[in-house]
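Working notes, beginning with the structure itself.
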Amino acid sequence: MSPDILNRECALRIALASRVLPGVQLPRLIEAIIETVDAPIREDGLARLTVADLRQALKRPKSESGEEGGPGDEALEMAVRYLGGERDVEPGLPAIQDYVPGDMPDSVRIAMASNTGEKLDGHFGSCLRFLVYQVSATESRLVDIRETETADLTDDRNAARAAMVNDCQVLYVQGIGGPAAAKVIRAGVHPVKFPRGSVASAVITQLQGVLKGAPPPWLAKSMGRQPPTLEKFRAGVEA
């Protein structure tokens with residue numbers, strides 16, 4: 001879309017809104033907005049949009065059962081708030097905990113792609129934020145929450161997102177494409193897929209089990225441990 005139709009601020013608002021509207025692709029949302037407020041899209045036009053406007057513009061034809069489809073009112077309300085210019089729409093984000101380098105010996109830093117609270121429920125290229133934890137075998141702390149909105153305004157969003165987590169050793173995601181995974185790996189981060197998603201605490205507990213045992217050589221090195229020989233590592237896996 002040309003700059004005279006969609007400026008940077010409007011693009012950001014629409015990108016945020018699209019993430020909370022399941023089943024609505026970004027081009028369809030832009031089309032629906034133009035149908036309602038006309039082009040060119042401006043901040044004041046977005047601010048006038050209501051839940052009723054979006055519901056009407058985004059509703060799908062009736063299914064065979066006679067029911068109309070489309071996003072629910074909760075999702076529409078969040079989208080309207082984003083379109084109006086709000087940034088911190090989602091309630092219930094966890095609190096960041098104090099951390100000073102060296103506080104947690106033998107720990108690693110991990111990131112989780114998240115859309116909701118303290119959950120691993122996002123894909124690398126579309127998640128709202130990365131939750132960043134410092135994790136040892138016996139302790140974990142949420143040390144940062146990194147919103148992805150600015151990364152999506154760059155020419156290479158995947159590279160920008162990879163740079164956001166380049167201080168982490170592991171990145172947990174629901175999904176990630178091959179080219180994006182290559183950029184994450186080049187940033188020095190190991191991507192791990194959880195296709196069904198999970199809560200952060202369960203992912204951390206699983207990781208702590210690995211840290212207590214014999215972590216793979218690349219992870220042991222990240223912790224500052226002497227990696228086991230290949231023979232010992234294979235023996236541990238086979239056991």
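Taking every protein chain into account, the accessible area of the range 8-84 amounts to 55 square angstrom per residue (probe 1.4 Å). Atom-type composition of the exposed protein surface of the range 107-223 places 51 percent of the accessible area on carbon and sulfur (1.4 angstrom probe). Per residue, the accessible area of the range 107-223 comes to 41 Å² when a 1.4 Å probe rolls over the protein heavy atoms. Going by accessible surface with a 1.4 Å probe and the largest first, Ile33, Ile176 read Ile176, Ile33.
Show log10 I(q)/I(0) for the range 107-223 at q = 0.14, 0.16, 0.19, 0.20 Å⁻¹, two decimals, from a solvent-free Debye sum over equal Cα scatterers. Results for the range 107-223 at q = 0.14, 0.16, 0.19, 0.20 Å⁻¹ read -0.51, -0.67, -0.95, -1.06. Efficiency by 1/(1 + (r/R0)^6): what FRET value for Ala160 and Glu35, r their Cβ-Cβ distance, R0 = 30 Å, to the nearest 0.05? Efficiency, rounded to the nearest 0.05: 0.45. Pairs with C-alpha atoms separated by more than 26 Å, drawn from the list Lys193/Lys221; Lys59/Lys193; Lys59/Lys119; Lys183/Lys221, are Lys59/Lys193; Lys59/Lys119.
The values are calculated or read from the model by the stated rules, or taken from the named source; none is laboratory data. Please read these numbers as outputs of a predicted model, since none were measured by experiment. Don't worry about glycine lacking a Cβ; one is built from the backbone with ideal geometry, like all the others, and counts go over all protein chains shown. Accessible surface is based on the protein model in full, side chains and every heavy atom, while ligands, DNA and RNA are left aside. Shrake-Rupley method; radii C 1.70, N 1.55, O 1.52, S 1.80 Å.
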